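*Asks:* Have a look at this one.
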Amino acid sequence: MGMKLISGGQTGADSSIIAVGKGLGIPIGGLVPRGCRTERGPNPGLRALGFTESDSHDYASRTRENIEHSDATLIFATDPTSDGTQLTIDHAEAIRRPCLVINPFEPAAVEAATQWLHATRPAVLNVAGNRESRSPGIARQAERVLHAALQAYLAS
């Protein structure tokens, strides 16, 4: 089954696709703000990983475009009310794309993500969620959950 993982390249949940894609042999990419802008400053290394710069520095425009260029969005968040996460939820609902919000620190996160993947069967999965500064440790935890859920999903 061919699959691709995309994200907006931000710190935190977005960055989980990098190691997961490499570990499972799944291509990655997604649209990032012009200049490969992240909360830690420019990250030009994202280009070499398969990310594409948008025409705008605006986080919101790349968020909407990544949702529009995917089949479903998996959101890792401990705070689903953050501006970016709320925009992601609202836009996915507005264009009727499946999305699921998971707290990756919850014990049932892997099972919930795996079941949702089976239900949605996305060819292009957008991964989004809280930044590392809003939710310390989320990148590593989202990576753990995403890897386990995708491994189970792809094995079935």
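*Asks:* Does S156 satisfy the criteria of being surrounded by fewer than 17 Cβ atoms within 10 Å (Cβ to Cβ) and either modelled with pLDDT under 95 or under 16 Å from T88 (Cβ atoms) (or both)? It would help to see each step written out before you state the result.
*Replies:* Numbers: surrounded by fewer than 17 Cβ atoms within 10 Å (Cβ to Cβ): yes; either modelled with pLDDT under 95 or under 16 Å from T88 (Cβ atoms) (or both): yes.
Against the criterion (surrounded by fewer than 17 Cβ atoms within 10 Å (Cβ to Cβ) and either modelled with pLDDT under 95 or under 16 Å from T88 (Cβ atoms) (or both)), S156 qualifies.
*Asks:* Taking the condition of being farther than 25 Å from A149 by Cβ and charged (D, E, K, R), how many residues in region 20-79 meet it? Walk me through how you get there before you give the answer.
*Replies:* Of region 20-79, the ones farther than 25 Å from A149 by Cβ are 33-37, 39-45, 47-48, 52-61.
Narrowing further to those that are charged (D, E, K, R): 34, 37, 39-40, 47, 53, 55, 58.
Going through region 20-79 one residue at a time, the tally reaches 8.
*Asks:* Go through (1) buried (at least 22 other Cβ atoms within 10 Å of the Cβ); (2) out of contact with any helix residue (DSSP H, G or I) (no Cβ under 6 Å at 6 or more places or on another chain) for E106 and report which single condition fails.
*Replies:* Unmet condition: (1).
*Asks:* From V124, V101, grab the single residue that is in contact (Cβ under 8 Å) with a residue 24 or more places away in the chain, surrounded by fewer than 22 Cβ atoms within 10 Å (Cβ to Cβ) and under 14 Å from I6 (Cβ atoms). Give the steps one after another, and end with the answer.
*Replies:* Working: V101 fails: under 14 Å from I6 (Cβ atoms).
After applying the criteria, what remains is V124.
*Asks:* Can you report the number of residues in region 1-26 which are more than 22 Å from Q141 (Cβ to Cβ) and surrounded by 15 or more Cβ atoms within 10 Å (Cβ to Cβ)?
*Replies:* 1
*Asks:* Same structure, new question: So, A72, is that one of a type in the set (A, V, I, L, M, F, W, C) and in contact (Cβ under 8 Å) with a residue 24 or more places away in the chain or not? Walk me through how you get there before you give the answer.
*Replies:* Values: of a type in the set (A, V, I, L, M, F, W, C): yes; in contact (Cβ under 8 Å) with a residue 24 or more places away in the chain: yes.
Yes: the conditions hold for A72.
*Asks:* Report every pair of residues separated by at least 6 positions or lying on different chains whose Cβ atoms are under 6 Å apart, first residue within region 140-156 and farther than 21 Å from T78 by Cα, second open to solvent by 10 Å² or more (accessible area, probe 1.4 Å).
*Replies:* These pairs meet every condition: A152/T114; Y153/T114.
*Asks:* Then there's this: Among the candidates T63, T85, T78, single out the residue that is farther than 13 Å from Q10 by Cα and of a type in the set (V, I, T).
*Replies:* Values: T63 fails: farther than 13 Å from Q10 by Cα; T85 fails: farther than 13 Å from Q10 by Cα.
Within the list T63, T85, T78, the selection yields T78.
*Asks:* So if I check each of E68, E93, which one is under 13 Å from L125 (Cα atoms) and open to solvent by 80 Å² or more (accessible area, probe 1.4 Å)? Outline the logic, then answer.
*Replies:* Working: E93 fails: under 13 Å from L125 (Cα atoms).
Result: E68 is the single residue among E68, E93 that is under 13 Å from L125 (Cα atoms) and open to solvent by 80 Å² or more (accessible area, probe 1.4 Å).
*Asks:* If you don't mind, there's one more thing I want to ask. Exactly one condition in (1) at pLDDT 95 or above; (2) within 23 Å of G137 (Cβ to Cβ) is false for E39; which is it?
*Replies:* (1)
The values are calculated or read from the model by the stated rules, or taken from the named source; none is laboratory data. This structure is a prediction, so every number in the text was calculated from the model and none was measured. Using ideal geometry, Cβ is built from the backbone for each residue, glycine included, and neighbour counts are taken over all protein chains shown. For the accessible areas, the whole protein counts, side chains as well, though only heavy atoms, and no ligand, DNA or RNA atoms are used. Shrake-Rupley method; radii C 1.70, N 1.55, O 1.52, S 1.80 Å.
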